[in-house]
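Asker: Here it is: the structure, laid out below.
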Amino acid sequence: LVEQNKLVTDLLGTSGIDVTVNSGITFDNLLKAKMAVNTNTGYDADAIIINPTDLQTLLLTKDGSGGSVGQYLMGGPAYAPYGNGAYGQYLPIWGMKVVTSSAIAQGTAIVGAFKACASIITKAGEGFRVEVANQNEDDFVKNLMTIRAEERLALAVRRPAGFKKLTKASA
């Protein structure tokens with residue numbers, strides 16, 4: 001969770017990412033952001049990072065008058081949309097993988113071509129490191145083991161134009 005928060009914060013702080021202020025996180029606005037990424041870079045947006053509360057709003061959207069009647073657009077509690085197949089948690093939206101994160105504020109989402117435009121860099125030669133010892137204070141006597149795990153990461157946004165930040169206009 002700490003790692004996820006750091007990566008999302010770093011992405012949001014990257015200069016050059018296009019920001020659109022609009023009516024909120026809607027299906028229409030997410031598609032417009034996906035198309036803008038493609039227009040700006042030629043790459044297809046492959047994922048959305050969204051606050052869980054905003055995703056809940058999308059998941060509860062129904063067809064019909066005012067969205068309050070009918071069937072859930074993204075599938076109900078047991079089935080895919082309109083009973084076509086089994087329930088799938090976080091079905092793709094406009095073909096993009098959905099990632100929820102509390103590190104992104106409610107009313108904000110990031111649409112991006114993550115695979116093509118950014119990378120996670122690990123410390124050269126180490127990546128993820130795990131060390132185990134039984135020689136810490138009285139670990140040997142008490143038959144205990146001390147385990148330390150660490151990983152060093154950095155986010156490299158190679159093409160900021162491959163990301164679009166959507167944020168809701170304040171009232």
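The values are calculated or read from the model by the stated rules, or taken from the named source; none is laboratory data. As the structure is a computational prediction, the values presented were derived from the model and not from experiment. Here the Cβ positions follow ideal geometry from the backbone for every residue, glycine too, while neighbour counts run over all protein chains shown. For accessibility, only protein heavy atoms count, side chains too; no ligands or nucleic acids. Shrake-Rupley method; radii C 1.70, N 1.55, O 1.52, S 1.80 Å.
Asker: I'd like to know if the range 110-117 contains one or more residues that are open to solvent by 60 Å² or more (accessible area, probe 1.4 Å) and closer than 21 Å to residue 43 by Cα.
Answerer: The answer is yes, given that some residue of the range 110-117 is open to solvent by 60 Å² or more (accessible area, probe 1.4 Å) and closer than 21 Å to residue 43 by Cα.
Asker: With respect to residue 154, determine if the residue is closer than 25 Å to residue 48 by Cβ, in contact with a Lys or Arg (Cβ under 9 Å, 6 or more places away or on another chain) and surrounded by 13 or more Cβ atoms within 10 Å (Cβ to Cβ).
Answerer: On the way: closer than 25 Å to residue 48 by Cβ: yes; in contact with a Lys or Arg (Cβ under 9 Å, 6 or more places away or on another chain): yes; surrounded by 13 or more Cβ atoms within 10 Å (Cβ to Cβ): no.
The answer is no for residue 154.
Asker: Applying the selection to the range 97-137, what residues are within 16 Å of residue 58 (Cβ to Cβ) and touching a Gly at 6+ places or on another chain (Cβ under 9 Å)?
Answerer: 107
Asker: Would you please list the contacts, defined by Cβ atoms under 9 Å and residues six or more apart or on different chains, that run from a residue in the range 91-105 that is part of a loop (DSSP other than H, G, I, E, B) and at pLDDT below 95 to a residue that is among the small types (Gly, Ala, Ser) and surrounded by fewer than 17 Cβ atoms within 10 Å (Cβ to Cβ)?
Answerer: Within 9 Å, the pairs are 91/80.
Asker: Those residues that are hydroxyl-bearing (Ser, Thr, Tyr) and open to solvent by 60 Å² or more (accessible area, probe 1.4 Å), I need them from the range 119-151; list them, please.
Answerer: Looking only at the range 119-151, we keep the residues that are hydroxyl-bearing (Ser, Thr, Tyr), and these are 119, 122, 146.
The one that is hydroxyl-bearing (Ser, Thr, Tyr) and open to solvent by 60 Å² or more (accessible area, probe 1.4 Å): 122.
Asker: Continuing with the same structure: Checking residue 77 against (1) more than 16 Å from the chain's Cα centre (by Cα); (2) open to solvent by less than 50 Å² (accessible area, probe 1.4 Å), which single condition isn't satisfied?
Answerer: (2)
Asker: Among the candidates 28, 46, single out the residue that is under 28 Å from residue 158 (Cα atoms), within 15 Å of the chain's Cα centre (by Cα) and charged (D, E, K, R).
Answerer: Numbers: 28 fails: within 15 Å of the chain's Cα centre (by Cα).
Result: 46 is the single residue among 28, 46 that is under 28 Å from residue 158 (Cα atoms), within 15 Å of the chain's Cα centre (by Cα) and charged (D, E, K, R).
Asker: Specify the residue that is least open to solvent (accessible area, probe 1.4 Å); the eligible residues are those in the range 1-56 that are assigned to a helix (DSSP H, G or I), of a type in the set (Asp, Glu) and more than 12 Å from residue 108 (Cβ to Cβ).
Answerer: Kept after step one, since they are assigned to a helix (DSSP H, G or I), are these residues of the range 1-56: 2-12, 27-41, 52-56.
Those still in the list that are of a type in the set (Asp, Glu) too: 3, 10, 28, 54.
Checking the rest, the ones that are also more than 12 Å from residue 108 (Cβ to Cβ) come to 3, 10, 28.
Details: 3: 91, 10: 52, 28: 101 Å².
The extreme case among them is 10.
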